[in-house]
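Since the structure comes first, as C-alpha cells, the remarks are kept for the end.
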Amino acid sequence: MRDVATAAGVSPMTVSNVLTGRRATSPEVRRAVLEASERLGYRLNVAARSLRRGRTGVVGLAVPSLDAPYFGQLAGRLAARLAREGLRLVVEQTGASPEGEAAAVRDSRGGAYDGLVLSAVGLGGDVRALAGDLPVVALGERQDLRRVDHVGMANIEGARAAAALLLERGCRRLAVVGSPPWEQLDEPGGHDGDAFRLRARGVRDAVRAAPGARVRAVTLGTALEDGVRCGRALAAGEPVDGVVALTDTLALGVLRGLADGGLRVPDDVLVVGFDDVREAATSVPSLSSVAPGHDAMVEEVVRLLLRRMAKPAAAEEDVVAPFAVVERESTRRA
C-alpha cells in the first residue's frame, strides 16, 4: 500500500480509502490510485483484513425471489446505503420456504456475513435461537417472529387508504386481487401471506365504512401472470368498478388482463396497487400505488443492523415505516 501511495503521490490512508470505498475521494485521486494499483499489481488481501477486523465487510440479504421488481429494487437501495458504511451486499433467494430462510440464517451465522437482512415469509418463531450472535433484521409481516429487530410496512393502513381513494372516486363494486379467503383475514398470524392478509383487512375495513359499497376477493396467485389472469376473470365476471391489487406486480398484470377483456382503465375500472415499484410510474396508464416508505425502511434497516453489530445485547426494536398513496392515471377519470 505504501508503494502504491508513493507511485500515486498520495498517503497510504488515501489508498486505503479508495480501495475499500470507506471514504469518498476526488475522481482524479481515485483514478491515480487505481492506475498505480493496476500497474504495480496490488490487490487488497480481503481474507487478512477480515481476520484482523473480525468482520467480513459483507451483509447478506435473503429474499423470497430475485425476479420480483420489489425485491430487486430493495436490493439496489440497500446496497447503495450500505456502501456509504463501507459494507457490501450479497443477495440470495430463499424461495419463500422455511427451509430456504433457515438455511440463509445458518449459512450467515457460519461467518459468511457480518449481518443478515431477512425478508421472512415462511420462517417464524424464535429467529434469535437460530441466528445465535449473528445480527439479523427481519423484513416482512410474519406476525410470530420473536427476539429479532423488525422493520415493517403499514399494511392495514396503507391498503385502507388505497381503498378509500377508490371509494372517494365513486367506486362501489370493488375487488381485491391477491386476498386470502375472507374467513382467514382475522386469524392469528404465523402463516404464509401475512402481508396479503393484513392488506386485505385494510380494504375490507374501508368498504365496511362506506354505505352501499361491497367487495369481493379474486386470488389466482402472486406472479405477474396471475394478475393478468385475475384481470381477465374480472372482465368476464360480475361487474366491478374498482380494483385494489395487493402488490404492484399483481396490479400491472391486472391492467393487461382488463385490457384483454375489453375494459379500459380508468374509464371503466379504477386500479390501485401496493409497493410503488418504479414500473408503476411508466405503465400505461401509470399506476396509482401505496408507497410503503422505501427509503425510510432502508435507513431503519441499516441503523438497526449497525446498532446490533455494535451492541449485540441491545433490546429488539419493531419499526413501521410511514406510507403515502401516490395517485397516477389509473385512478383519475377524465
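The values are calculated or read from the model by the stated rules, or taken from the named source; none is laboratory data. Because the structure is predicted, anything quoted here is derived from the model rather than measured. Please note: Cβ atoms are built from the backbone with ideal geometry, for glycine as well, and neighbour counts cover all protein chains shown.
Just one of the listed residues (ALA314, ALA281) is more than 26 Å from SER179 (Cβ to Cβ) and either in the same structural domain as VAL215 (by TED's automatic domain parsing) or out of contact with any Ser or Thr (no Cβ under 8 Å at 6 or more places or on another chain) (or both), namely ALA314. The numbered conditions (1) in a helix (DSSP H, G or I); (2) touching an Asp or Glu at 6+ places or on another chain (Cβ under 9 Å); (3) over 30 Å from VAL319 (Cα atoms) are all true for ARG229 except (2). Restricting attention to segment 187-203, does a residue exist that is at pLDDT 95 or above, over 21 Å from ALA96 (Cβ atoms) and either part of a helix (DSSP H, G or I) or touching a Pro at 6+ places or on another chain (Cβ under 6 Å) (or both)? Looking for residues that are at pLDDT 95 or above, over 21 Å from ALA96 (Cβ atoms) and either part of a helix (DSSP H, G or I) or touching a Pro at 6+ places or on another chain (Cβ under 6 Å) (or both), one finds at least one in segment 187-203, hence yes. Got at least one residue in segment 128-136 being under 21 Å from MET297 (Cα atoms), in contact (Cβ under 8 Å) with a residue 60 or more places away in the chain and surrounded by fewer than 24 Cβ atoms within 10 Å (Cβ to Cβ)? No, segment 128-136 contains no residue that is under 21 Å from MET297 (Cα atoms), in contact (Cβ under 8 Å) with a residue 60 or more places away in the chain and surrounded by fewer than 24 Cβ atoms within 10 Å (Cβ to Cβ). The set of residues from segment 63-85 being under 11 Å from the mean Cα position of the chain (by Cα), closer than 20 Å to PRO135 by Cβ and touching a residue at least 24 places away in the same chain (Cβ under 8 Å) comprises VAL63, LEU74, ARG77, LEU78. Pick out the one residue from VAL137, VAL90, VAL121 that is under 23 Å from THR247 (Cα atoms), among the β-branched types (Val, Ile, Thr) and at pLDDT 90 or above. Criteria check complete, one pass: VAL137. Listed by position, the strands (runs of 3 or more DSSP E) enclosed by segment 242-326 that each have at least 2 residues that are more than 24 Å from GLY76 (Cβ to Cβ) and hydrophobic (A, V, I, L, M, F, W, C) are 242-245, 270-274.
From the list ALA75, ALA79, ALA104, the lone residue that is touching a Leu at 6+ places or on another chain (Cβ under 7 Å), modelled with pLDDT under 90 and assigned to a helix (DSSP H, G or I) is ALA104.
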